[in-house]
Structures are given as structure tokens and as C-alpha cells.
Amino acid sequence: MVLEADNKALTITTHRVRYSGRAGGSGRIASIMLDAVTGCEVTHTTYRAWLMAAVLSVLVGFYLNSSRDSTPLTVGALVAGLFVVAYLATRRQVLRVASASTQIDVRLVGMSLEKAAEIVDTLEWAKNGRYWLRETRHLVAAPVGSMPAGFSQPGAGPYPQQQAPSASR
């Protein structure tokens, strides 16, 4: 196993990416072989319109506020608070691992963009290692002059000149 998420929903091994999740009354298990992974992305989505609506409601509250009655200001502040809660509830960061036939979408809750990038780096590292392992099996009997760059001798190992990404959990 190369990497496993804290909630055990996503697992990256030396051969595959596996997702096992449950939402509401349904569940999903998906597995993609590393050789079949065609892409990986992290998307971060926010809806700034909620924040603009919050600012607007406070400004309307100030505008409608009279010197004797602070009700419009209070209502504007409460509505602004609801808009801020809506903004925070709709922010999302999703990791997508795709192949030709399926895709795995994992919502990354409370994770920084740097940590998400580490997951992508780890996945790419595992995929490259899988590729190099497959290629070195063919090179063991090959003449020395026909080896790809990065190999000094046949059987040099599955991960030549590659550093594993730092996987801080």
C-alpha cells in the first residue's frame, strides 16, 4: 500500500486506486488499475456570490437603519450570517481520478491544497513506478545499448532516478 486516506475511503496501492464510500442510503466501490489511469485533478470550488450577498445585506441594513430603530441593521446582519454559512457549506475540494471507463471523485474535507497535491504526486509516482517495473521486465534480456534513459544496467529496479514524494499524513 502506497497511501491510504485517513477515512479509509481512498487507497492507492502499487497496482490500483480503490475508492469505497457511502453517502446517504447508497454506497459505491470503484477500482482503477494504475495502468488505466488517464488523468488526475483536484478542483476547488467556491461560490463568492454568497459572500457578496452577505455584504449587500449588511449595506442594505445600514441604509434602511434609522436613528431610533436598529431592526433593519439587525435583520441585515442576521441575513448576512446566513449567507456566510451558505458560503462555507458550499465550498468543496474534490480529487478526481479518471480512466477511460470510470472515474473516482473523492471530496477532500478540511484538506489544504498542498496536501491534495501530495496525493496527486503520490498517485503519479506509483503510476510511473508501475510503468518502469513493466519496462524493466522487458529489458532484462535486452542489450545494454538499448536501455532507456535513467537505467544503468538491466534490472536496475522499478523506480530509477525517482524520489518518492514525502507522504506526510
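The values are calculated or read from the model by the stated rules, or taken from the named source; none is laboratory data. Since the model is a prediction, treat every value here as computed from it, not as a measurement. Glycine gets a Cβ as well: all are built from the backbone with ideal geometry, and neighbour counts include every protein chain shown.
Observations on the model:
- Those strands (runs of 3 or more DSSP E) lying entirely in segment 18-100 with at least 2 residues of a type in the set (S, T, Y) and either loosely packed, with under 12 Cβ neighbours inside 10 Å or within 29 Å of the chain's Cα centre (by Cα) (or both): 26-33, 37-45
- Cross-chain or 6+ apart pairs with Cβ under 6 Å, segment 39-66 first and without any contact (Cβ under 8 Å) to a residue 40 or more places away in the chain, then surrounded by 12 or more Cβ atoms within 10 Å (Cβ to Cβ) and among the aliphatic types (A, V, I, L, M): A54/A80; A54/V84; S57/V79; S57/A80; V58/A80; G61/L73; N65/L73
- Filtering segment 37-72 to residues that are aliphatic (A, V, I, L, M), more than 23 Å from L108 (Cα to Cα) and either modelled with pLDDT of 85 or more or in contact with a strand residue (DSSP E or B) (Cβ under 9 Å, 6 or more places away or on another chain) (or both) leaves M52, A53, A54, V55, L56, V58, L59, V60.
- Any hit, segment 41-51, residues being out of contact with any Phe, Trp or Tyr (no Cβ under 8 Å at 6 or more places or on another chain) and among the aromatic types (F, W, Y): no
- Segment 101-110, subset of a type outside the set (V, I, T) and exposed (fewer than 12 other Cβ atoms within 10 Å of the Cβ), residue modelled with the highest pLDDT: S101
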